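Asks: My questions all concern the structure below.
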């Protein structure tokens, strides 16, 4: 099922951000997961690494394809979802829940002003 | 911009109604997956799956010279088909020893049926016609457009087709050919496939394809049948160590280099390409197709580079996560001295050199 929770922010490279205080949780949208098909491998950075907005932070592989993952905002990685190394399929089954990828400490919250709302993202992927 | 219309099989609408994701494959609009490649792959390994492979080509060869002609065109020995209703796997080889196509030849009561790759139909047709002139009593017919082909594959396939044709097919041998009727549709079938599992490839008239597809799906419900797309077909054939034309085989690559020497019968007498193959064998093969097992979870993929002690030694031609065996695997071409089982190599996956080992072909072999 393709869903786009209203409380999240979205970017054109199909990552979502969930913000709590100055911590952002990042993953890929259900649209992206569906397009990829069965996810088989997710390569994620180490805690402590800092990325700029739109910088590549990882790689996601499915049976048929391999894609880069891009930061929807800048920040320092504070947590990585280790579960994905043994269960990459969580990205398909629960992308907004157990299939999250990294948490970062936001370096500039204002960057998220440019991200899309759920409605805007939905319109973006329908096009 | 001029868009070229994709060809469609008679089942395209059925695939769309089942929610298939359609892709362009060799000019054909084909289902790549229905729900999930992993689920479809697993269904075929454990139960039964059905594939629409109607895009493949079918040629009929008849006439008094049919046997001599087919024998002249293929690298395997047609005399192995000692009676009608038997089939064999083989290749057309060009004058340089490269592979024009790989195919299955069925010996039927009055003619030979050649089943070729969709991407090569036109090339193959021109190829066989260019040699046909040397034979007097010969008729070639391209029946690709009026023929649908469904593959029924998996441990439950024999039981399922037996139910539907109303007779026990379990005693029919591997690579046998037969006929029957399913729900009023006249079918022919070979006990062949491209998945590493037991099963059949079933021919019927294009106009009856939908009826046959539906009857097989319905009859297969009790066995947990899944419709399967080209995605699973590719991961299944790869895990079973079966080459794919355009990847492990092409006009520049001989069947010997691709590891298909078992099907090349140089002692059967002359055939098209035999002189080049003999020469190649005497001189020694410049490259050889090997089976790699790589470490970790990242997938080796087509055109990734293969290294040995920091030197580039070859390229991946097909790679995947072995869904059933559970580790990444790939076909690669390397020099023969690096083709020995146990040779340690590396696959460059993005910026990382991932350790890989040459292993015995195939990665997956079903229990008999």
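Read the figures in this text as sums done on the coordinates, not as results from a lab. Everything numeric here is computed off the predicted structure, so don't read it as measured data. Glycine also receives a Cβ, built like all others from the backbone with ideal geometry; neighbour counts cover every protein chain displayed.
Asks: Using the Kirkwood radius over Cα pairs, work out the Stokes-Einstein diffusion coefficient for chain A at 10 °C and 1.306 mPa s, in µm²/s as a whole number. Working shown, then result.
Replies: Details: Rh = 14.3 Å.
Taking Rh from Cα pairs, D becomes 111 µm²/s.
Asks: If you don't mind, another one. Once Rh for the range B:1-115 is found with the Kirkwood sum over Cα pairs, what is the Stokes-Einstein diffusion coefficient at 25 °C and 0.890 mPa s, in µm²/s?
Replies: On the way: Rh = 17.0 Å.
Here the translational diffusion coefficient equals 144 µm²/s.
Asks: Along Cα→Cβ, 7 Å out, is where each label goes; now give me the distance between the ones at residue B:350 and residue B:327 in nm to one decimal.
Replies: Here the answer is 2.2 nm between the modelled labels.
Asks: Evaluate E = 1/(1 + (r/R0)^6) for residue A:114 and residue B:64, where r is the Cβ-Cβ distance and R0 equals 56 Å; express this FRET efficiency to the nearest 0.05.
Replies: Rounded to the nearest 0.05, the efficiency is 0.15.
Asks: Label-point separation (nm) for residue B:267 and residue B:17, each offset 7 Å from Cα along Cα-to-Cβ?
Replies: Each label point is offset 7 Å from its Cα along the Cβ direction, giving 5.5 nm.
Asks: Per 0.36 nm of contour for each residue apart, how much would the distance between residue A:94 and residue A:22 grow if the chain were fully extended, relative to their Cα-Cα spacing?
Replies: Roughly 23.6 nm would be gained on extension.
Asks: May I pose another question? In deg cm²/dmol and to the nearest 500, what is the mean residue ellipticity at 222 nm of the protein assembly as shown if only DSSP H runs of at least 4 residues count, each as -39500 (n - 2.57), divided by the residue total?
Replies: After summing the helix terms and dividing by the residues of the protein assembly as shown, the value is -5500 deg cm²/dmol.
Asks: Calculate the length of the line joining the C-alpha centroid of the range A:75-127 to that of the range B:136-158, in whole Å.
Replies: What the calculation gives is 48 Å, centre to centre.
Asks: Which percent, nearest 5, of DSSP beta bridges in the protein assembly as shown are antiparallel?
Replies: About 95 percent, rounded to the nearest 5.
Asks: Right, another one. Give me Rg over Rh for the protein assembly as shown, both radii from the alpha carbons and Rh done the Kirkwood way, two decimal places. Mind dumping the intermediate values first?
Replies: On the way: Rg = 25.3 Å, Rh = 24.8 Å.
Rounded to two decimals, Rg/Rh equals 1.02.
Asks: When Rg is the radius of gyration of the Cα atoms in the range B:265-345 and Rh is its Kirkwood radius, what does Rg/Rh come to?
Replies: On the way: Rg = 15.7 Å, Rh = 14.3 Å.
Rg/Rh for the range B:265-345 comes to 1.09.
Asks: To the nearest Å, what is the center-to-center distance of the range A:23-71 and the range B:284-307, using C-alpha atoms only?
Replies: Their Cα centres are 26 Å away from one another.
Asks: For the modelled label position 7 Å from the Cα of residue B:135 along Cα-to-Cβ, which residues of the range B:93-109 have backbone nitrogen atoms closer than 18 Å?
Replies: B:93-95, B:100-109
Asks: Also, quick follow-up: Give the span of chain B's Cα atoms along each principal axis, as three whole-Å numbers ordered largest to smallest.
Replies: Its Cα atoms span 62, 53, 50 Å along the three principal axes.
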